[in-house]
Structure formats: C-alpha cells, structure tokens
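One structure is given below, encoded as structure tokens.
Taken together, the values in this text are just the output of simple stated rules run on the coordinates, not laboratory data. Treat the numbers as computed from the prediction; the structure is a model and nothing was measured. Virtual Cβ from ideal backbone geometry, glycine too; neighbours counted across all protein chains shown.
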Amino acid sequence: MHRRLIVPSALAASLLLAIPASAADYSPGAPGIGDPYYPASGNGGYDVSHYDLRLKYQPATDLLEGTATIIATTTQNLSRFNLDLGLRASEVRVNGKKARFTATGDHELEVTPAAPLAKNRAISVVVRYAGKPSELKIGGWTAWHRTPDGGVAAQEPDSAVWWFPSNDHPLDKATFDVSVSVPDGTQAISNGVLTSQSSRLGWTRFNWRSDKPQATYLATLAVGTFDITTDKTDKGLPVLNAYSKDLGGNAGAARASIERTAEVAEWLEEVFGPYPFNALGGYVPNVTSGYALETQTRPFYSPRQFANGANVSVVVHELAHQWYGDSVSVDGWKDIWINEGFARYSQWLWSEKEGEGTAQELADYVYAQHPADDPFWTVKPGDPGPDKQFDLAVYDRGALALQALRNEIGDEDFFAVLKGWPAEHAYGNARVADFVKYAERVSGKPLAGLFDTWLYDPSRPAAPAAAKARTPRSQAAAPTAPAAKPAQPKSWKKIAATNTIHDHGHGHGHGH
Ligand SMILES: [Zn+2]
C-alpha cells in the first residue's frame, strides 16, 4: 500500500531535514480512529488541537457555506489522511498549499497534500465547503434538524459531518472558535462564550469560543430566532440561555427549568468539584425531537422535555455530563457508562437533596421494576454494544452499579471518588476499567467482582444494590430477599420523563 512519492526538487530541498527516511516510510492515515462500535468514526495519523470554523448560513434555503481551519499534529509519516465531512468540499489546503481531495464512503474526505507530512509536525488544513445539511442522509438518517427558521446540529454519537470537517471521535478533542454569519434578526448559538457580535450589510456575525478540549459531537450549532437571557455566576462565569421564539405552550416550563442552570451547576460543584468550562447555559430550539444532549457548556433541550411542565431533573442530567462525558470523555463508545451511569445517578442525588426520594429508594424501585426475565438485565452497561449504547439499562442499571458501589465503600469514599474522578481525568478520555481501578485505589477495596455483577453479567443480580447496606454489618453476608414492592419515589415521574433524552432515533444502523 505504500505509495512511491515523487518529490519536486525545490520541495525536496526544503523538506530535506524533515524527511530523513525514504518515501516508502510514508503511508495513508487510517480512515477510522479504531473504535470497534463505529469503525469509520474519526481517522488515524494526526491529532487536532483547534478548529476555527467560519460559517455563513441562510435559514431560507438551508445553505451552509464554510471555511474550516484545522490545526493538528501528525502522529505518523503521512502520505495522505482523511477528514470526516458529509458536505461537499471545494478546496483543501495543507500548510497553505493546495491539496488533492476525494470524497469516499459515507463521510470520508481523503486529502493528499502536495508534499508528504513527517511525523510529529504541526500542520494546518483549510477546507472550503458548502451544502444543505438537511439533504445529507447517512444510512437514511440525518443528525440535522431543519426548523421553520433555521437549523440545528446536536446529536450523539455523531453530528459533526453535517456541518464541519473533523476527526470525528471523542478521542480527538480540540478547542473551537465558531463564527457564524446569519441574516439580521436571526441568531446563531454555539458553545462557550459569545466573544463578539457585529452587523453589516444585513448580516450579523456571532463569534463563539470554547477554550477547553471539546469532542466533535459536543460541538453544536443552532440558527433561528431566539430570546436570549444572560447573567453571570457568583464566580463570574457567563451564563447564556437561548429559547426559540416558537416554543408555544412549552415556553414557560422550558424557562422555569433552564433558568435554574447556575443553581444546579453550583450544587453539582459540591458533588463533582469545580465546573470545568468557561461558560454555562442551555438552549431550546423549535425542533420536533424529544431528546436532550450535553453539548459542551450549553446543552441542547428539545421543547418536548417540558411538555408536562418544568423538569429540573433533565437540567441536572445534562449539566452532570459537563464533568462526566464532556470534561472526562469516553475512550471508545463502549465506555458510554462513564457518561450515562453518572448523569443518571446525579438525578438520583438531586432527588435525594430535594427530599423526593433517596438514591437508595430509587435503586430499590428500579430493581423491583425489572423481573429477572426482563431483557433489561441482558444489557451490559459496561460494554452494551452499538445497538444498545443508549438503552435504558445503560442509565438505570448503570446508576444501580453506582448505588452498589456506594453501599460497598461507604459515603465518604464514594463521594471522594465522584469528586476525584473528574479531576483525575480532566479534559481527557477514560475507560470503564480506569474507573474500576480508580475506585479501588480510593477505597482500598477490590471491586472487580462488584462491577462484574452490575456492569457485565447479562443477568439480574441476586439481590438489589440495597441489600447489604440495609442489613446490619454482622448479617451482611446473609442472602437478602428483594423488598416486595418498594413505593414509587416522588421524583420518579420527572426522572422517567427524561428517559427519552438519548432516544436519538438511532434506528439508522450506522452505515459507517
Ligand atoms: Zn445523558
């Protein structure tokens, strides 16, 4: 597969020091980053540190035009490399020079630079591109929400290919500057801080900055007409919330939930440690979907989340992800439990704080709800498989695992683990196995058996997470029958109403 390279002499002279090895040592970067769940996601051969996206979007036609400047470092000698992009590229430059490029597969853009790229070098890649995101379907499915007044990109595990070229996998996180020009009277929402906004010749440009590493699926874009509220937290972080002017009967309940963002984050800081990012907020566009997503610094909420009134529990869930999922990201998508188990458990802790049912009562209730023959117990939260990645069991059984851990190691060590983990892996990636080791280190107890039972055995554990803790220590080893019918905790309905938050309509089987 090694290509022979013909290097023009002038170039050869300038690259003489950069290319000590023979051209045969240069090879194409892999078309996927190596995630067994999604083999085509991401790419090999380089690591991105920054995306600069300069976009123009026409709500009337859904036309998105962009120039992406990508700052990266090569991790191998590259003859060519891939980006992930579903829209059509018109020009690609690498280190300022025009590069050849071909679109392949569902969303691969193969880029062949004018000169091969040596390992461990800083590179810049500029991609000019355009297209109507709503026309892009992959496996018959789209991550783009076309709304009456614009469009929205917010999806998991992938959405980036609908609006910018990237190394589209959480393993390659980067900082973002997103600048979006839209017609006057329309707003463009993205992640982080709105650093400036200016209007000229009928177009308004919004400049957003997210200055901590951010996974590509956590980058978001929403164009439409919004009511925007701004504030500052006690610590001086800017809070910006955006509500579509088109929320109808859900408008009040949406605000009554999301305006509590700073309060919820302050409480989460007590549990998880300092808030990891430069801004806070949330936004509710006029989409028809039902889910919510932890887009970094500014979660996405579907209006339907508020169809039955205010629901602070969904805000708790998405903000908990800022620590568990966004700052500490999955290493591979099999590690989804380190996001969802904890975000769900934070809803249980909020319920406990609000006096609407303790985490223990919620755990008992969940356990009793699913009899042994319920397929719920066949899902392994520690490695659920791509089809079950967002199964209810990843959330509820995932939270049961944490209650089991709490009972095993006691509150002091348990809350030390919850607070220590986001600091241990801040802005990085981690595996489920890393968490097991970390909890063992903090507690000094062997925990592999406990996590096997709750995260990996495809059957119902013999006793609820509660059994041991409810029993006096001397009887702890005695088998305990599950409680007959635990009462439904007060918070149950609000928490269950968030079960659709990751119902992303992923019947699309991922053609990539
Ligand atoms: Zn979640």
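Quick notes
- A cut-off under 12 angstrom between Cβ atoms defines the neighbours of Leu319, and their net charge, with Lys, Arg +1 and Asp, Glu -1, is -4.
- Within straight-line reach of Lys494, meaning a Cα separation under 24 Å, sit the following lysines at least 8 residues removed in sequence or on another chain: Lys353, Lys388, Lys485.
- In segment 15-163, a dipole from Cβ-located charges (positive for Lys and Arg, negative for Asp and Glu) runs towards its positive end, and of Gly29, Ala115, Gly105 it is Ala115 whose Cα lies farthest in that direction.
- Test item: Cα-centred dipole of the chain, Lys/Arg +1 and Asp/Glu -1 on Cβ, debye: 1080
- The lysines within cross-link reach of Lys119, meaning a Cα-to-Cα straight distance under 27 Å and a gap of 8 or more places when in the same chain, are Lys97, Lys98, Lys173, Lys212.
- Over the residues of the chain, the helix contribution to mean residue ellipticity at 222 nm works out to -7500 deg cm²/dmol, using -39500 (n - 2.57) for each DSSP H run of at least 4.
- Positive contributions from Lys and Arg (+1) and negative ones from Asp and Glu (-1), summed over other residues with Cβ under 10 Å from the Cβ of Lys56, come out at +1.
- Spacing of the two label points (7 Å from each Cα toward its C-beta) at Thr453 and Leu63, in nm: 6.3
- Backbone N under 12 Å from the Ala122 label point (7 Å along Cα→Cβ), restricted to segment 35-64: 49-50
- Put simply, the convex hull of the Cα atoms in segment 271-391 casts, on average, a shadow of 8.8 nm².
- Lys/Arg +1, Asp/Glu -1 at C-beta; the chain dipole; positive extreme among Phe435, Pro446, Ala143: Ala143
- Within-12-Å neighbourhood charge of Val287 [Cβ basis; K, R +1; D, E -1]: 0
- Debye equation applied to the C-alpha atoms of segment 333-497, log10 I(q)/I(0) at 0.09 Å⁻¹: -0.27
- DSSP-loop GluC sites (Glu not before Pro) across segment 342-402, with at most 16 other Cβ within 10 angstrom: Glu354
- According to the Cα-based calculation, Rg over Rh for the chain is 1.00, with Rh computed by the Kirkwood formula.
- All aspartates and glutamates inside 19 Å of Lys232 as judged from Cα atoms, apart from same-chain residues fewer than 8 positions distant: Asp211, Glu259, Glu263, Glu266, Glu269, Glu270
- Sorted by Cβ neighbour density within 10 Å, fewest at the top, the residues Leu53, Leu63, Leu392: Leu63, Leu392, Leu53
- Among Phe306, Phe206, Phe300, sorting on how many other beta-carbon atoms sit within 10 Å of each Cβ, with the fewest leading, yields Phe206, Phe306, Phe300.
- Computed E for Asp246/Ser49 - FRET, C-beta separation, R0 51 angstrom, nearest 0.05: 0.85
- Working ranking of peptides 410-418, 72-80 by packing, defined as the average number of other Cβ atoms within 10 Å per residue, highest first, is 72-80, 410-418.
- Least to most buried among Ser49, Ser196 (fewest other Cβ within 10 Å first): Ser196, Ser49
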